[in-house]
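Have a look at the structure below, then the notes.
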Amino acid sequence: MSDKPRLEIEYCTQCRWLHRAAWLTQEILTTFPEELREVALVPGRGGVLEVRLNGVTLFSRKERGRFPEPKELKQAIRDVVDPDRDLGHSDRKPDAPPATPES
């Protein structure tokens, strides 16, 4: 068995949030193509949208009252799987200029 983490996205089938969960999966796998063992889409009910990494909840729509932004999920995953990794534009503040090499 791989020691890479397993990510789960549990989504509400009643609310028809499969497309949202699939889009988040695509965003995450594009950023972390080698770092995760798998990303599982887990059907749920009752308005659930939760993202868990190795069973630890990274985001809960019920707790936060909103949907996750891909940027915040990528940062939370990165903090576990590769803390020193720079996520480029996902790490910059909205009005911050891009990082430039020192002269």
Computed for the chain: size of charge dipole around the Cα centre, +1 on C-beta of each Lys and Arg, -1 on C-beta of each Asp and Glu, debye to nearest 20, value 640 debye
For mean projected area of the Cα convex hull in nm² the list reads (i) 7.6; (ii) 9.1; (iii) 8.0; the calculated value is entry (iii)
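Expressed as a rounded percentage, what relative contact order does the range 6-85 have, with Cα pairs under 8 Å and six or more residues apart?
Here the relative contact order equals 35 percent.
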Charge sum, other residues only, whose C-beta stays under 10 Å from Asn54's C-beta, Lys/Arg counted +1 and Asp/Glu -1: +3
Cβ-derived FRET efficiency at R0 35 Å, Arg64 paired with Arg37, nearest 0.05: 0.85
Candidate aspartates and glutamates - alpha carbon under 13 Å from Lys62, same-chain residues fewer than 8 apart omitted: Glu10, Glu50
Could you check the spin-label model distance between Thr13 and Gln26? Points 7 Å from the Cα along Cα→Cβ, value in nm. 2.3 nm
Angle between the chain longest axis and helix 70-81 axis [Cα atoms, degrees, rounded to 10]: 80 degrees
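No value in this document is a laboratory result; all are computed from the given coordinates. Predicted model, so just to flag it, every value in this text is computed and none were measured. As a convention, Cβ positions derive from the backbone with ideal geometry for all residues, glycine included, and neighbour counts pool all protein chains shown.
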